[in-house]
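Only one structure is covered here, and it is reproduced in the block below.
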């Protein structure tokens, strides 16, 4: 409900509600990182409860004719992010929402976004891609009153769209066993220790290795490799492996198509025939995988973005109030590399 000038909440009201000084509230509004995370959570909760709008905040939701949806991700340049974003754009645009992208490079940056009153007031809904929240961050986000949907992370506090990474690993192992591409290797993600990101590489490896173990075809320790999810880095790591004299695997499953493309380049440079000498399987089915004739496990990236946008639109319109969990099936796409 709109307040009159006499009824409008002041910074003094926020300070009293949060049991902090006016100076602390002021510091929070100007720079959320200048106060402790627990204090920031109390202030953010008070701001939302009292419907306080800082003077001069022209980004307030109610004053805009076009809605805004924020998208937070650590992987802005990744083709998988672009594919998901493409799935979101059409349904959001049809409903008069524009998209604002926020990239995350550090835990502090994620905290700054979530504790910033201008951030919360600037957008009407939020989609988190491959983001893992702490308990404090959940409290802050909930206090902001933002409708939120997650992609790729299974957080019971929010509606989410997921792919079965473990099953993807199983499918890869089943393919290699069926075609006798043994012994085989796994190429994982070196960035899996980011504290604010989910870790699909681990689930994909578990499905792959456990299925191989059950069939008596376990992965040798020297056949577990990793790199950053960058073509050039995967190329460098696999090239060094081929030149090391280590026994070469018959097949290799990469946790992403990006890495699989780097592996393919290194294999060809080394004079290997694919798949006759080395079978290569990726994960994601990005657009480049088709161009490279790369076999892959698809997790329907574009569909995941479209479904997430639909869930958020339902929340923002009030059509759906209960949390929803959507599991998209993964499947094998065989091309020339297997």
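The values are calculated or read from the model by the stated rules, or taken from the named source; none is laboratory data. Note that this is a predicted model, so its numbers are computed, not measured. So basically every Cβ, Gly included, is an ideal-geometry build from the backbone, and we count neighbours across all protein chains shown.
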Within region 1-17, work out how many residues are part of a loop (DSSP other than H, G, I, E, B) and at pLDDT 70 or above.
-> 2
Looking at (1) closer than 24 Å to residue 127 by Cβ; (2) modelled with pLDDT of 95 or more, which is the one condition that is false for residue 205?
-> (1)
Since residue 322 meets every condition but one in (1) touching a residue at least 40 places away in the same chain (Cβ under 8 Å); (2) under 23 Å from the mean Cα position of the chain (by Cα); (3) on the phi < 0 side of the Ramachandran plot, which condition does it not meet?
-> (1)
Which of the residues belonging to region 196-214 are within 19 Å of the chain's Cα centre (by Cα) and assigned to a helix (DSSP H, G or I)?
-> 200, 201, 202, 203, 204, 205
Return the residue satisfying two criteria in turn: it lies in region 287-301 and is assigned to a helix (DSSP H, G or I) and buried (at least 17 other Cβ atoms within 10 Å of the Cβ), and of such residues it is nearest to the chain's Cα centre (by Cα).
-> 301
Residue tally, condition closer than 16 Å to residue 309 by Cβ and either touching a helix residue (DSSP H, G or I) at 6+ places or on another chain (Cβ under 6 Å) or assigned to a strand (DSSP E or B) (or both), over region 93-135 = 12
Consider only pairs whose beta carbons are under 6 Å apart and that are at least six residues apart or on different chains; among these, list those whose first residue lies in region 128-142 and is closer than 17 Å to residue 35 by Cα and whose second residue is crowded, with 19+ Cβ neighbours inside 10 Å.
-> 136/41; 137/114; 139/41; 140/41; 140/44; 140/114; 140/115; 141/114
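For (1) more than 30 Å from residue 219 (Cβ to Cβ); (2) in the same structural domain as residue 25 (by TED's automatic domain parsing); (3) in contact with a strand residue (DSSP E or B) (Cβ under 6 Å, 6 or more places away or on another chain), each residue gets a yes or a no:
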site	(1), (2), (3)
90	yes, no, no
101	yes, no, yes
125	yes, no, yes
143	yes, no, no
152	no, no, no
Could you tell me whether region 175-195 includes any residue that is under 30 Å from residue 324 (Cα atoms), at pLDDT 90 or above and not in a strand (DSSP E or B)?
-> no
Scan region 308-319 and give yes if some residue there is at negative phi, assigned to a loop (DSSP other than H, G, I, E, B) and touching a helix residue (DSSP H, G or I) at 6+ places or on another chain (Cβ under 6 Å), otherwise no.
-> no
Answer with yes or no whether residue 275 is in a loop (DSSP other than H, G, I, E, B), modelled with pLDDT of 95 or more and touching a helix residue (DSSP H, G or I) at 6+ places or on another chain (Cβ under 7 Å).
-> no
Of the candidates 336, 308, the one satisfying the condition of being outside the structural domain of residue 205 (by TED's automatic domain parsing), closer than 22 Å to residue 124 by Cα and either surrounded by 22 or more Cβ atoms within 10 Å (Cβ to Cβ) or over 23 Å from the mean Cα position of the chain (by Cα) (or both) is 308
For residue 218, which of the numbered conditions (1) in contact (Cβ under 8 Å) with a residue 24 or more places away in the chain; (2) in contact with a helix residue (DSSP H, G or I) (Cβ under 9 Å, 6 or more places away or on another chain); (3) more than 30 Å from residue 134 (Cβ to Cβ) fails to hold?
-> (1)
